[in-house]
Structures are given as C-alpha cells and as structure tokens.
Amino acid sequence: MKNTGYIIALILLGCGCKFNDSTTKTLPIYGNKEPVTKTVNGKQVTDTVYQTIPAFKFVNQYGDTITEKSLDGKIYVADFFFTTCPTICPVMHRNMLPVYNEFKNNPDFRILSHSIDPKYDTVPVLKKYADKMGIAGNTWWLLHGNKDATYTIAKSYLVAVQEKNAQENYTHDGFFILIDKQKRIRGTYQGTDPAEVEKMTADIKILMAEPDQKAAK
Amino acid sequence: MKIWLIVSAFVAMLVIASSCQNEGQIEFNRFYSNGSVVYQAHCQNCHGAKGEGLQGLIPSLIDSIYLKNNKNTLACQLNNGLKGKIMILNKEFEGEMPASKLSPLEIAQVLTYVTNSFGNKLGTINTDQVNADLAKCK
C-alpha cells in the first residue's frame, strides 16, 4: 500500500513536470535582431527589435489584393512554388495539405504560396490550381505578383529563389516559413520532409498558445 | 531400369521447367527493383511514394484498368510526355506530364515497377517490348 502511494505521487510529479513544460514552451525568434535604446519615463531602456516581414502587395487566386495588412492578427506560413514545377513543389504541397486541413477553420491562420513564375501563373491559372488541389475559402492564398517583388520578399523570408537556369528550370528552396502576428520569423521547415511539416503543425499550435499571440489583434 | 529412365527424365523436365520459371522471376525481380530506383528519382515527386498522385492535379497510378488498357502506349507516354485530357478512376485530368529522358531499359524497369505496385499486377514489361512500343509511338 505504501509503495502504491509513492508510485501515484511519482506519476503525479511526472505529469506536473510535463504539464509545466508544455505551458511555458515558446518558439524562438529568427532573423536579424538589433538592440534599440529608448528613453521611457526619463529612463534608458534597451529593447530588442526583431526582423519583420516588410510591406508587400500581391494578388491572390480570386484576384483580391493582399498586403501585409491582410495578415494583421494572423499567424501564417509562407512558401515559394510555381504551378508547372515538376520537382519539389508537388511534394511541398502534398505535405502542406494536412496543414491546410488542420487549420482551415481557424480565422487567424493563413498559408501564402508565392508563385515565382508570374508570367505563366496568372490569376486564373492559380485559381485552377487551387480548385484542382481541392482548396477553397481564404485559408490558403496562392499569390501572383511582380517578379522583383516576389524575389525581394523571398529574401526577407530567408528563402533563396533563382530565375530560370540553363535547363529552363527555376530553382528555389522548399522551405515553409512560419510567421507570427508581429510578422516575425518563428520557424523554418523543409517542406519536402513530412516529419518536418508535422513538427511545423505542432509548432503552430505552440505559437497560437503563446500569450502575446493570443493578445495580438 | 526403364522406370529409372522415366523417373530421371521426369525429374530433368521438372528442373528445366522450374529453372525457366526462375529465370522469368529473376528477370522480373531485376526490372522491378531497378524500376523502384528509377521511380524514386523521376516519378515520385509528382506521383507520390504510394502512387497516390496529388488531388486533382496529378493522377494516381493505382488505376489498374487504365494501365492494362494502355499497356502498349505507356512507354510512349513516358518517352514523349503526355498532354490533354485523360480519365483516371472516373476523374478527369488535363495537366501535362513532361517527356522523360529515360532510356528504353529504364522505361522498361519503371513500367515493370509501376504496373506491379500500388495494387497493379501486369507482369514484366521488358526492353524488347518497350522498343517495339516506342517504334509505334504516334
């Protein structure tokens, strides 16, 4: 009987530790950071300013204009692709589908897929791609934009994309980038690896539960 | 004495028959396992590790009836690419599959793999068949 008591106590302790762990878990913040010293109420205060995604303007598969303001109060995942990509894009979007299905009913979540081939991937082409993928509504936006704007924004997501090479292929990273409501980079995942994408789904849930994400509108 | 002759002849026949069968099986195994390597390198990104395709964008490879009905033109599809509408499992697809740069041997290997995986069972497609099919491409 005495032993049983110890065992129960141990189990409770174990649960307690685990419980604490998951409630305090937060994701790291990536990108450049700069210390900024300000004067608040006559006192010098040093704060860290993190890299954020700059302002942008693209058009989604419905022909709607999407800017950084469309993402206010949203946690989102960004990636880069093109509809005729024979290499990693089908793998990335095959892996993205479960993420879409998991969060499609959450109004504070978005997926942004930037086409790096704006010449071919016009708005109707992107709409057709969305229909064939079986995605509807406003959770997953396929974005068309000026090539320079897309290539510039890729850099701010720390993703490398390049123009057509000698084999007439575009080359680009297959990363999924997780952005928080303050437009900071909170995770990068290899979109071609189902295990990493599963980790991303878990991380999105952790991020959604962070107090400053819940508070942000 | 006579009985021994009959028995040994029978045994010899059995051995020959089974070795023939083995050779066929060996050829199949060779094509199939090399085909799985070709598949991973050239087909899997789009068609998926289980031949599942991708939604309405990329057809699956599990439609045994389609594969059977088009067995003699599959080599041409791989060699020249495929454009236009096709029906797979009663669903219409109209994307474009790029032409592969595979050799006839690789085409034979990968077709043996695909037509004997994902629930399909069409037997070996060897290089001679592929060359004959390729000669008849439209």
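Summary table below
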| quantity | calculated |
| --- | --- |
| Sequence-separation-based contact order of segment A:46-199, relative, with Cα cut under 8 Å and 6+ spacing, percent | 31 percent |
| Shielding by partners, peptide A:84-94 (average Cβ within 10 angstrom, other chains) | 4 |
| Label point distance in nm, A:Thr48-A:Lys69, each placed 7 Å from Cα along Cα→Cβ | 3.1 nm |
| Inter-label distance, nm, simple model (7 Å from Cα along the C-beta direction), B:Glu94/A:Ala149 | 3.0 nm |
| Pair B:Leu105, A:Ala160: separation of 7 Å Cα→Cβ label points (nm) | 3.4 nm |
| A/B buried area, accessible surface, summed, 1.4 Å probe, Å² | 1000 Å² |
| Selection from A:Gly134, B:Tyr66, A:Pro124 lying farthest towards where the dipole of the protein assembly as shown points positive, charges on Cβ | A:Gly134 |
| Cut-off 11 Å, label 7 Å out along Cα→Cβ of B:Phe28, residues of segment B:103-138 by amide N | B:116, B:121-125 |
| Formal net charge of residues neighbouring A:Ile177 (Cβ-Cβ distance under 15 Å; K, R +1; D, E -1) | +1 |
| Partner chain coverage, peptide B:92-103 - average Cβ within 10 angstrom | 1 |
| Nearby aspartates and glutamates by direct alpha-carbon distance to B:Lys83 (threshold 20 angstrom, same-chain neighbours under 8 apart not counted) | A:Asp121, A:Asp131, A:Glu168, B:Glu52, B:Asp63, B:Glu92, B:Glu94, B:Glu96, B:Asp133 |
| Chymotrypsin sites (Phe, Trp or Tyr not before Pro) within segment A:92-150, DSSP loop, no more than 12 other Cβ atoms inside 10 Å | A:Tyr120 |
| Kirkwood estimate for the protein assembly as shown, i.e. one over the average of 1/r between Cα atoms, Å | 24.4 Å |
| With Cα atoms, 0 to 90° folded angle of helix B:2-42 axis to chain B main axis | 20 degrees |
| Subset of A:Lys33/A:Lys104; A:Lys132/B:Lys121; A:Lys74/A:Lys214; A:Lys132/A:Lys199; B:Lys85/B:Lys121 violating a 21 Å alpha-carbon distance limit | A:Lys33/A:Lys104; A:Lys132/B:Lys121; A:Lys132/A:Lys199; B:Lys85/B:Lys121 |
| Residues of segment B:30-48 buried by at least 20 Å² on assembly (accessible area, 1.4 Å probe, chain alone as reference) | B:Asn45, B:Cys46 |
| Reach of B:Lys136 by Cα under 15 Å, taken over aspartates and glutamates that are not fewer than 8 positions away in the same chain | B:Asp128 |
| Accessible-area ranking of A:Lys181, A:Lys104, largest first, probe 1.4 Å | A:Lys104, A:Lys181 |
| Exposure of B:Ile62 as accessible area (Å², to 10), given a probe of 1.4 Å and all protein chains | 80 Å² |
| Those lysines that a straight Cα-Cα span of less than 16 Å connects to A:Lys119, excepting residues fewer than 8 apart in one chain | A:Lys127, A:Lys128, A:Lys147, A:Lys164 |
| Value of relative contact order over segment B:36-138, rounded to a whole percent, pairs C-alpha under 8 Å and six or more apart | 27 percent |
| Of the trypsin sites (Lys or Arg not before Pro) in segment B:1-108, those whose Cβ has at most 12 other Cβ within 10 Å and which sit in DSSP loop | B:Lys85, B:Lys101 |
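The values are calculated or read from the model by the stated rules, or taken from the named source; none is laboratory data. Keep in mind it's a predicted model, so treat the numbers as computed, not measured. Methodologically, a virtual Cβ is constructed for each residue, glycine included, from the backbone with ideal geometry; neighbour enumeration extends over all protein chains shown. Side chains are part of the model used for accessible areas, which takes the heavy atoms of the whole protein and leaves out ligands, DNA and RNA. Shrake-Rupley method; radii C 1.70, N 1.55, O 1.52, S 1.80 Å.
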